[in-house]
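Heads up, the thing below is written out as structure tokens.
The values are calculated or read from the model by the stated rules, or taken from the named source; none is laboratory data. Please read all numbers here as calculations on a predicted model, not as lab measurements. Methodologically, a virtual Cβ is constructed for each residue, glycine included, from the backbone with ideal geometry; neighbour enumeration extends over all protein chains shown.
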Amino acid sequence: MAVPVHLTGTGAPVGEIGDVAEVDQGVLLAWGERHLRDLPWRRSRDPWAVLVSEVMAQQTGVDRVIPYWHAFLDRFPDPATCAAAPVADVLRLWAGLGYNRRGLSLHRCAVAVVEDHGGTVPSDLVSLLALPGIGPYTARAILAFAYEQRVGVVDTNVGRVLARWAGRPLATGEAQAWADDLAGLDPPVMAWLWNQTVMELGATVCAKRRPDCGRCPLRNVGCRWQASGRTEPDPAEGSAGVSKGQSRFEGSDRQGRGRLVDALRRGPVPTVDLAHVMGWPDDEPRARRVAATVVADGLAAEDGATLRLP
């Protein structure tokens with residue numbers, strides 16, 4: 001591991017909430033020191049760099065994100081640079097990463113940071129939640145990973161881990177309260193490491209399919225689902241923060257939207273060509289309907305009988 005954290009000792013407190021299982025935080029922190037992957041944003045405490053990584057990693061594997069993160073920060077090293085650029089520049093740089101609305105939201109977020117916060121990503125939850133495209137998880141991730149505040153982050157990996165530790169599905173407020181309680185460590189770098197470690201455990205060991213309980217540092221203590229013999233149903237199903245499977249992409253409106261934005265990156269698209277560009281040559285009404293949603297979302301602009309990037 002080559003991230004900026006060095007801890008001595010593992011005497012972290014035990015965390016619990018209600019009838020939820022106790023967790024030996026010291027054991028897990030020691031595991032995290034040894035097993036955290038060397039992701040480049042883990043080396044940074046720049047809130048803009050952390051924000052970009054969190055937006056890019058939504059529904060996208062981190063290995064795929066890494067080169068995009070470097071390229072994006074090379075071009076837009078701070079919110080002011082991003083805000084000053086045309087949206088089209090951001091969308092072109094986003095090519096291949098998918099979920100183009102994330103790029104648009106990131107640009108809008110940069111504009112708001114410049115206009116409302118003098119170009120500095122805010123360090124309080126209320127202000128972060130007011131930014132375009134920033135939800136409860138991303139806001140807390142910025143607080144925890146950039147500002148090293150003692151708040152818990154609950155993404156799909158953390159949500160799955162918490163539910164399995166508890167041995168039952170957790171409500172949103174309960175999961176967040178427990179995560180916050182567990183992250184209340186001192187010094188703050190320990191809270192940073194704690195959040196990163198639980199995320200790492202969920203991503204690499206406590207996976208959605210075929211969890212590798214034999215590698216889990218808490219396999220013998222702290223996980224009620226393991227203690228129960230991993231009885232079905234998996235307590236992570238329907239638990240707070242755990243994402244559900246997406247609908248089929250092939251042939252979907254999402255696929256057509258993506259094809260249109262990809263074509264717009266190369267140049268304007270005449271409306272008469274929409275059906276062909278979007279992969280539905282025999283369904284022009286569908287192409288026009290879906291293209292209208294791309295325009296409504298701000299990913300394209302109409303220029304007479306032509307669509308172009310905004």
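Among the candidates S243, S252, S239, the residue that is surrounded by 17 or more Cβ atoms within 10 Å (Cβ to Cβ), among the polar types (S, T, N, Q) and within 26 Å of the chain's Cα centre (by Cα) is uniquely S239. Just to be sure I understand the filter: pairs with C-beta atoms under 6 Å, separated by 6 or more residues or on different chains, first member in the range 143-161 and free of Cβ contacts under 8 Å to residues at least 12 places away in the same chain, second member not in a helix (DSSP H, G or I). Which pairs pass? Correct list of pairs: empty, since none qualify.
Residue by residue, here is whether (1) modelled with pLDDT under 95; (2) under 17 Å from A203 (Cβ atoms); (3) assigned to a helix (DSSP H, G or I); (4) not assigned by TED's automatic domain parsing to the domain that holds L264 holds:
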site: S53; (1), (2), (3), (4): no, yes, yes, yes
site: I66; (1), (2), (3), (4): no, yes, yes, yes
site: R92; (1), (2), (3), (4): no, no, yes, yes
site: G96; (1), (2), (3), (4): yes, no, no, yes
site: S105; (1), (2), (3), (4): no, no, yes, yes
site: R108; (1), (2), (3), (4): no, no, yes, yes
site: A112; (1), (2), (3), (4): no, no, yes, yes
site: A141; (1), (2), (3), (4): no, yes, yes, yes
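For the criterion of being buried (at least 18 other Cβ atoms within 10 Å of the Cβ), in a loop (DSSP other than H, G, I, E, B) and of a type outside the set (D, E), P122 passes.
Among the residues of the range 280-310, which ones are within 15 Å of R265 (Cβ to Cβ) and of a type in the set (D, E)? Within the range 280-310, no residue meets the criteria.
One line per residue, one yes/no per condition, for (1) more than 19 Å from A95 (Cβ to Cβ); (2) touching a strand residue (DSSP E or B) at 6+ places or on another chain (Cβ under 7 Å); (3) surrounded by fewer than 16 Cβ atoms within 10 Å (Cβ to Cβ):
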| position | (1), (2), (3) |
| --- | --- |
| A263 | no, yes, no |
| G267 | no, no, yes |
| P270 | yes, yes, yes |
| W280 | yes, no, no |
| E284 | yes, no, yes |
| R288 | yes, no, yes |
| T293 | yes, no, yes |
| D297 | no, no, yes |
| G304 | yes, no, yes |
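No other residue among A236, A203, A240 is hydrophobic (A, V, I, L, M, F, W, C) and either in contact with a Cys (Cβ under 7 Å, 6 or more places away or on another chain) or over 27 Å from E148 (Cα atoms) (or both) apart from A236. Is one or more of the residues making up the range 187-205 hydrophobic (A, V, I, L, M, F, W, C), part of a loop (DSSP other than H, G, I, E, B) and crowded, with 19+ Cβ neighbours inside 10 Å? Yes, that holds for at least one residue. Determine whether G133 is over 19 Å from the mean Cα position of the chain (by Cα), surrounded by fewer than 20 Cβ atoms within 10 Å (Cβ to Cβ) and not hydrophobic (A, V, I, L, M, F, W, C). When the stated conditions are applied, G133 does not pass them.
Checking the range 229-242 against the condition returns no match, with no residue being assigned to a helix (DSSP H, G or I) and under 23 Å from A57 (Cβ atoms). Give the residues of the range 143-175 that are touching a Ser or Thr at 6+ places or on another chain (Cβ under 9 Å), aliphatic (A, V, I, L, M), assigned to a helix (DSSP H, G or I) and within 25 Å of N220 (Cα to Cα), sorted by residue number. Of everything in the range 143-175, those that are touching a Ser or Thr at 6+ places or on another chain (Cβ under 9 Å), aliphatic (A, V, I, L, M), assigned to a helix (DSSP H, G or I) and within 25 Å of N220 (Cα to Cα) turn out to be L162, A163, A166, A175.
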